Structure formats: C-alpha cells, structure tokens
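Chemist: Have a look at this one.
The values are calculated or read from the model by the stated rules, or taken from the named source; none is laboratory data. All figures in this text were calculated on a predicted structure; none of them were measured in a lab. Don't worry about glycine lacking a Cβ; one is built from the backbone with ideal geometry, like all the others, and counts go over all protein chains shown. Just the protein is used for accessible areas: all its heavy atoms, side chains included, with ligands, DNA and RNA removed. Shrake-Rupley method; radii C 1.70, N 1.55, O 1.52, S 1.80 Å.
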Amino acid sequence: MIKLYIFNLDEFLCLADHCSGPVILWTDGGKPLDIWNSRMIQKGLYQEYRKNGGPLCLRLTIPDVKDYFRLVNFSIGDM
C-alpha cells in the first residue's frame, strides 16, 4: 500500500483508467474499492476533492508494477 497526495485529480483518474489492472483505493474504514474505470467511485472522489478545495490523500494498492510506477511518478510531478 502507498499513500499519494493527488493535486490534479482529472489527470490522475485518466492515468488510472489506462492502467492494465485494478487500482485499489482503501477507504478510512478499511474497505477496498477499485477505482479503475469505475465512474461511480471516481464521482465520489471528485466530490471529496471539491469539498476539500485541494489535494486528496489516497491510500492505494496497485498490483501491476508498471501501473504502480506510472502512478507514483505522476504523483511526484503533480505539484
């Protein structure tokens, strides 16, 4: 599991949708949700993003190594 701070949610979700497999978001209650191509979950993230007025802190599990590094590299440059 990795914790990423996401400033540009649109770009992050676009990148997550192009992953080859699941991108698991862990809720505060410990429930895993797959955000990969899941419009309903992504809509909830947009609502939280707008409510907070800024970056989101996401706890993620990304099983595919290429997807993992792609999302981590995005997060590093997303400031």
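Chemist: Could you order Cys14, Cys19 by accessible surface area, starting with the largest, using a probe radius of 1.4 Å?
Modeler: On the way: Cys14 65, Cys19 10 Å².
My answer, sorted largest first, is Cys14, Cys19.
Chemist: Would you mind telling me the share, in percent, of accessible area of the chain contributed by carbon and sulfur at probe 1.4 angstrom?
Modeler: Details: 2830 of 4960 Å².
Solvent-exposed carbon and sulfur of the chain make up 57 percent of the total.
Chemist: Another question, if that's okay. Using a 7 Å offset from the Cα along the Cα-to-Cβ direction at both Cys57 and Ser20, what is the distance between the two label points in nm, to one decimal?
Modeler: 3.2
Chemist: Of all the Cα-Cα pairs you can form in the chain, what percent are over 14 Å apart? Mind dumping the intermediate values first?
Modeler: Numbers: 1790 of 3081 pairs.
When every Cα pair of the chain is considered, 58 percent fall beyond 14 Å.
Chemist: Any idea how far apart Val65 and Glu48 come out in nm if each label point goes 7 Å out from Cα toward Cβ?
Modeler: Computed distance between label sites Val65 and Glu48 equals 2.9 nm.
Chemist: Oh, and also: Under the 0.36 nm per residue contour assumption, what length would be gained going from the current alpha-carbon distance of Asp10 and Ile41 to full extension? Walk me through the intermediate numbers first.
Modeler: Values: separation 31, 0.36 × 31 = 11.16 nm, distance 1.35 nm.
Fully extending the segment from Asp10 to Ile41 adds 9.8 nm.
Chemist: In whole Hz, what ³J(HN,Hα) sequence does segment 59-71 give by Karplus (6.51, -1.76, 1.60; θ = phi - 60°), x for Gly and Pro?
Modeler: Residue by residue, segment 59-71 yields 9, 10, 10, 10, x, 6, 4, 5, 4, 4, 5, 4, 6 Hz.
Chemist: Taking Lys51 as the anchor, which lysines have their alpha carbon closer than 17 Å to its alpha carbon, excluding any fewer than eight residues away along the same chain?
Modeler: Qualifying lysines at Cα under 17 Å: Lys43.
Chemist: What does the helix-only formula give at 222 nm for the chain: each DSSP H stretch with n ≥ 4 adding -39500 (n - 2.57), the total divided by the residues, and the result rounded to the nearest 500 deg cm²/dmol? Provide the component values of the computation, followed by the final result.
Modeler: Values: 3 runs with 36 residues, N = 79.
Calculated mean residue ellipticity at 222 nm is -14000 deg cm²/dmol.
Chemist: OK, next. Report the Stokes-Einstein translational diffusion coefficient (µm² s⁻¹, integer) for segment 36-79, Rh taken as the Kirkwood radius over Cα pairs, at 25 °C with viscosity 0.890 mPa s.
Modeler: D, rounded to a whole number, is 206 µm²/s.
Chemist: For segment 1-76, what does the accessible surface come to per residue with a 1.4 Å probe? Please give it in Å².
Modeler: On the way: 4700 Å² over 76 residues.
Computed with neighbouring chains in place, this is 62 Å² per residue.
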